[in-house]
Amino acid sequence: MLSKGEKGMMVFQPDALKIAPGDTVTFVSVDPGHNAELIRNMAPEGAEPFAGKPSETVSHTFSVPGVYGVKCRPHYAMGMVMAIAVGEPINLDAAKAMKHPGKAQKVMDTALAELH
């Protein structure tokens with residue numbers, strides 16, 4: 001979680017990730033003021049929600065296959081989002097249909113395109 005990264009301001013780096021079911025992702029708050037949390041309604045059925053506190057490094061184990069959306073709550077509309085494909089992206093169409101505020105829509109569309 002960075003205030004400035006390779007793709008601009010307020011970013012997750014990387015913003016698209018492919019992992020296997022059971023893998024754990026650690027979201028490191030490199031710069032203060034960022035958090036990582038599941039975007040409600042942008043996860044497969046049965047997925048466990050998570051939300052870190054601002055400036056906190058948080059880890060989450062992804063066990064249910066599918067596509068997950070992750071956001072930084074304070075910088076969501078500024079485009080601080082990422083997409084994670086866990087195994088088979090069974091809910092990719094639903095994830096693509098999800099609407100996001102401000103710059104987050106463009107960033108998420110790009111991240112989702114990188115997953116296939």
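The values are calculated or read from the model by the stated rules, or taken from the named source; none is laboratory data. In this text, all values refer to a predicted model and were calculated from it rather than measured experimentally. All Cβ positions, even for glycine, are placed from backbone atoms using ideal geometry, and neighbour counts span all protein chains on display. The protein model used for the area step is the full one, side chains on, heavy atoms only, and it has no ligands, DNA or RNA in it. Shrake-Rupley method; radii C 1.70, N 1.55, O 1.52, S 1.80 Å.
Tabulated data for the structure shown
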read-out: Student exercise, the chain dipole from Lys, Arg, Asp, Glu Cβ charges, in Debye to nearest 20; value: 420
read-out: Tally of Lys pairs whose C-alpha atoms are under 17 Å apart, taken over the chain, 8 or more apart or cross-chain; value: 13
read-out: For Cα extents along the principal axes in Å, calculated from these coordinates, the label among (1) 33, 26, 22; (2) 44, 27, 26; (3) 81, 25, 18; value: (1)
read-out: Accessible area (Å², 1.4 Å probe, nearest 10) - Glu56; value: 70
read-out: DSSP-defined antiparallel bridges as percent of all bridges, the range 17-116, nearest 5; value: 80
